[in-house]
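Q: My questions all concern the structure below.
No lab work stands behind these numbers, since they all come straight from the coordinates. The shown structure was predicted, so the numbers you read here are calculated from the model rather than taken from an experiment. In this analysis, Cβ positions are derived from the backbone assuming ideal geometry, glycine residues included, and neighbour counts consider all displayed protein chains.
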Amino acid sequence: MLTLPRTVHDQMVAHCLMGLPDEACGLLGGLPETGDAVTCYPTRNLAASAKLYTVDPKDHLRADRDCEAAGYSIIGVFHSHTHTEAYPSPTDVAQAPDPGWHYVLVSLRDTQPVVRSYRIIEGTISEEPVRLRSS
Amino acid sequence: MSILINLPTVLRTHAGGAKTVSADGSTVGEALLKVVAEYPGLSGQVVDHDGALHKFVNVYLNDDDVRYLSGLDTPVSDSDQISILPAVAGGALALRVLRAR
């Protein structure tokens with residue numbers, strides 16, 4: 001299960017909306033043991049594309065350092081699908097870098113953004129519950 | 001000289017759970033080869049079998065991506081730190097297929 005503070009959820013969705021018409025992406029810092037996210041790190045999409053994303057490696061390094069210094073780890077990545085559902089594409093699965101991560105999809109296809117989270121382990125996708133907490 | 005190398009979570013299991021390891025070397029490539037010699041589980045994870053930097057990782061010398069320096073030949077000195085992070089990418093490539101439904 002992935003637990004998101006409401007602020008992290010809202011930051012993530014706002015970053016995705018701001019990124020339109022391109023896909024937007026970012027990283028989540030938190031506790032790997034429990035799946036508790038504590039920080040949203042919006043990153044630049046180096047691919048600058050409506051169909052692809054590449055987390056800017058410099059932003060990733062900055063996020064990783066900030067996170068580790070605070071005693072947390074990067075526990076996942078989020079990105080938007082601008083015209084499709086919130087489900088990992090074959091590209092997302094093929095390029096999933098860490099089986100311990102949470103892969104969050106924000107679909108902007110409909111008026112109301114849809115946030116869903118997945119684990120991707122050796123090419124197998126499983127959806128997990130997303131719990132929102134107030135702080 | 002001894003260089004500190006920060007490992008990403010996905011590679012720590014191959015290095016006995018260590019977040020940071022150290023290795024000798026005068027270039028990024030030499031230091032990485034030493035780390036792989038010590039932790040053979042890392043073989044092929046950072047540098048591919050042709051000796052090139054794996055395309056699914058980013059390697060930084062301090063704040064800079066070594067691809068924008070001299071790659072694996074980038075010289076290192078004692079106070080330097082190497083960081084390895086996975087390249088994070090993806091996207092809804094099947095867009096046209098889904099739209100056609």
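Q: For region A:88-102, how many residues are buried (at least 17 other Cβ atoms within 10 Å of the Cβ) and either farther than 22 Å from A:M1 by Cβ or more than 7 Å from chain B (Cβ to nearest Cβ) (or both)?
A: Adding up the residues that qualify gives 7.
Q: I've got another one for you. Which residues, counting only those in region A:23-35, are more than 9 Å from chain B (Cβ to nearest Cβ) and crowded, with 18+ Cβ neighbours inside 10 Å?
A: A:A24, A:G26, A:L28, A:G29, A:G30, A:G35
Q: Considering every residue within region A:38-45, establish whether at least one is at the interface with chain B (Cβ under 10 Å from one of its Cβ atoms), without any contact (Cβ under 8 Å) to a residue 24 or more places away in the chain and surrounded by fewer than 24 Cβ atoms within 10 Å (Cβ to Cβ).
A: Looking for residues that are at the interface with chain B (Cβ under 10 Å from one of its Cβ atoms), without any contact (Cβ under 8 Å) to a residue 24 or more places away in the chain and surrounded by fewer than 24 Cβ atoms within 10 Å (Cβ to Cβ), one finds none in region A:38-45, hence no.
Q: Filtering region B:67-86 down to residues that are within 21 Å of A:Y53 (Cα to Cα) and surrounded by 16 or more Cβ atoms within 10 Å (Cβ to Cβ), which residue is farthest from the other protein chains (Cβ to nearest Cβ)?
A: Ranking the qualifying residues of region B:67-86, first place goes to B:I84.
Q: Say whether the condition of being of a type in the set (D, E, K, R) and either at the interface with chain B (Cβ under 8 Å from one of its Cβ atoms) or touching a helix residue (DSSP H, G or I) at 6+ places or on another chain (Cβ under 9 Å) (or both) is met by at least one residue in region A:116-126.
A: No, the conditions are met nowhere in region A:116-126.
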